[in-house]
Each structure stands twice: as structure tokens, then as C-alpha cells.
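Undergrad: Please read through the structure below; I'll follow up with questions.
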Amino acid sequence: MTVEDYLSGQIILIDKPLKWSSFQAVNKLKYALINKVGLPKKFKIGHAGTLDPLATGLLIICTGKFTKRITEIQGQAKEYTGTFHIGATTPSYDLETEIDQTYPTSHIDEALIHETIKQFLGEIDQKPPIFSAIKKDGVRLYEHARAGESIEIASRKTTIHEFEITRIELPEVDFRVVCSKGTYIRSLAYDFGKAMHSGSHLTALRRTKIGDYDVTNAIDVTLFEQSLKL
């Protein structure tokens, strides 16, 4: 593909590796395209929806004129798969922080798990995690959290289109979720545990789809870089 192709606009599907930030993935592609294809240093490139460093999967990267499509792509439904750990919570609702509290699980069985997911189908009120990049009073929530500050977080409307349990081996529960823009799967993990009178946190997360874009058609960042011709 030529410089003109990338400037006219391309959509690149990346399978983001674990522990990489979305920003790192975009930067890796940016400098590969500059150094190997010859794109100008200030060409437009961006991603259509952040993935946490502890999540893997589909990251859509737009170049050139297609960066105008980022908002449209971000608004499409997203599919995730992953694992909840039942019986314990963490301040970040995932593995970024250590377990801070444990809860009973002896009352939890498959029937309760399958019954509880019904509470989360459709439009729900959800509070973002305190460890998130949302800003409150001009400061990102995770900065408040790391400073040990206690702040009130407003809930927001989000929609869970599908919520399926795919494996139960307590304390682990695997799931598949299709949801609207702005849904925090970490918050869903926390709320799911709470709804069962227990606790829960997210231990694995993979984004598999955004709209009609599928991670099965995505490429590893390093392989994409290697595929570019000098």
C-alpha cells in the first residue's frame, strides 16, 4: 500500500497484545508507517475505542481521511469475552490492584448465576470504575484514586444487548457480552458479584467485535510492522 492509500484513509484491525496501552499500539503503527512507508510525520492516525492494558483484542486504527469515521465506529455495539472471579473485589475492579475484600460464595450455584444475568439485560445504570480515565473536575478519576481520595461518581445509562455465561468453574465464570458504547465490563463484573450478595472482579477481557469488525480479521502489531515494505 502506498503513502497516498494511507492518507486517503485506511482501517487497520489490530489484535492488541496484553499489557500494551491503546496509545502504544497506535504509536507503534504510526512510526512503522513513517519509517517504512514514508508517510509524513504529522499524518492523521487514531483508534476507535480504547482498550485497557490488561485487555486484549480488537483495536480499530484509522489513518488519513478515515479518522473522520472514528466517532461513527466508536458508536457501534461491542462484543467482549472474559472471566469474572467470584468472591473477591479489587479497588480497580480488575487485576490492576490487589484484592481488598473477600465475600461468601457457598450460596452461589449455576441457577443463581443464570438468574442474575437477567438483571443486566437491556438499559442499565452503571457507575464507571474509580480507576478510569474519565475526568471529574478536570482530573482523571484514576488520579483521584491513586491519591487515595474518595469521590462521588455519577452513574450513566448503558445498554447490555446480550449477556451469556459460557463456563462456570467457581470461583471463575466466563462470559460473552454485547454492549453499547461507554459500557465498562469491569463495572459489570463488580455489579454482577454484588447482585449475587457476594463480590467479583475481572481477571481476563478480550474485545472480539465492534459492529461488523471482527478480531478474527485482525493482525498482531508486530506482524503488521513486519509486513510493511521498506
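Undergrad: Connecting C-alpha atoms closer than 10 Å in a GNM of the chain, tell me which of Arg69, Arg206, Arg176 has the biggest fluctuation.
TA: So, out of Arg69, Arg206, Arg176, the one fluctuating most is Arg69.
Undergrad: What nm distance separates the two modelled labels at Glu115 and Asn217, each placed 7 Å from Cα along Cα→Cβ?
TA: For the pair Glu115/Asn217, the computed spacing is 4.2 nm.
Undergrad: Calculate for the chain the 222 nm mean residue ellipticity that helices alone would give, adding -39,500 (n - 2.57) per DSSP H run of length 4 or more and normalising by residue count, nearest 500 deg cm²/dmol.
TA: Estimated from H runs of four or more residues: -6000 deg cm²/dmol.
Undergrad: Mind checking which lysines have their Cα closer than 20 Å to the Cα of Lys41? Skip sequence neighbours fewer than 8 apart in that chain.
TA: Lys28, Lys30, Lys65, Lys68, Lys229
Undergrad: Report D for the chain in µm² per second (integer): Stokes-Einstein, Kirkwood Rh on Cα pairs, 10 °C, 1.306 mPa s.
TA: Result for D is 84 µm²/s.
Undergrad: How far, in nm, would the chain grow between Leu7 and Arg156 when pulled straight, counting 0.36 nm per residue and subtracting the alpha carbon separation?
TA: Answer, rounded to one decimal: 50.0 nm.
Undergrad: Could you tell me which GluC sites (Glu not before Pro) in the range 1-85 are loop residues by DSSP with no more than 11 other beta carbons within 10 angstrom of their beta carbon?
TA: Answer in residue order: no site qualifies.
Undergrad: With an 8 Å Cα cut-off and a minimum separation of 6 or more residues, compute the relative contact order for the range 1-121 in percent.
TA: 25
Undergrad: Ignoring ligands, DNA and RNA, what percent of the 1.4 Å accessible area of the range 1-103 is carbon and sulfur?
TA: Within the range 1-103, the accessible surface is 53 percent carbon and sulfur.
Undergrad: Another question, then. Between Tyr103 and Ser227, how many nm apart are label points set 7 Å from Cα along the C-beta direction?
TA: Between Tyr103 and Ser227, the simple spin-label model gives 4.3 nm.
Undergrad: How large is the accessible surface per residue of the chain, computed with a 1.4 Å probe and reported in Å² as a whole number?
TA: Per-residue value: 52 Å².
Undergrad: For Lys157, which lysines qualify as cross-link partners when the Cα separation must be under 20 Å and same-chain residues fewer than eight apart are set aside?
TA: Lys78, Lys118, Lys127, Lys135, Lys136, Lys181, Lys194
Undergrad: Measure nothing fancy, just the Cα-based angle from helix 185-195's long axis to the longest principal axis of the chain, in degrees from 0 to 90, nearest 10.
TA: 10
Undergrad: Hey, another quick one. For the range 1-62, rounded, prolate or oblate, judged on the Cα gyration tensor with a ≥ b ≥ c (square roots of eigenvalues), a/c < 1.5 rounded, else prolate if a/b > b/c?
TA: Verdict is prolate for the range 1-62.
Undergrad: Each label point is 7 Å from the Cα along the Cα-to-Cβ direction; what then is the distance between the points at Leu170 and Asn27, in nm?
TA: 4.4
Undergrad: Whole angstrom only: what separates the Cα centroid of the range 179-208 from the Cα centroid of the range 112-132?
TA: Spelled out, the Cα-based centre of one part sits 7 Å from the other.
Undergrad: Over the chain, what is the mean sequence separation of C-alpha contacts under 8 Å (at least six apart), divided by residue count, expressed as relative contact order in percent?
TA: Once divided by the residue count of the chain, the mean separation gives 30 percent.
Undergrad: Tell me the angle of helix 22-32 to the major Cα principal axis of the chain, expressed in degrees between 0 and 90 and rounded to the nearest ten.
TA: 20
The values are calculated or read from the model by the stated rules, or taken from the named source; none is laboratory data. Worth saying up front: this structure is predicted, and the values here are computed from it rather than measured. So basically every Cβ, Gly included, is an ideal-geometry build from the backbone, and we count neighbours across all protein chains shown. Keep in mind that these areas ignore ligands, DNA and RNA; they rest on the heavy atoms of the full protein, side chains included. Shrake-Rupley method; radii C 1.70, N 1.55, O 1.52, S 1.80 Å.
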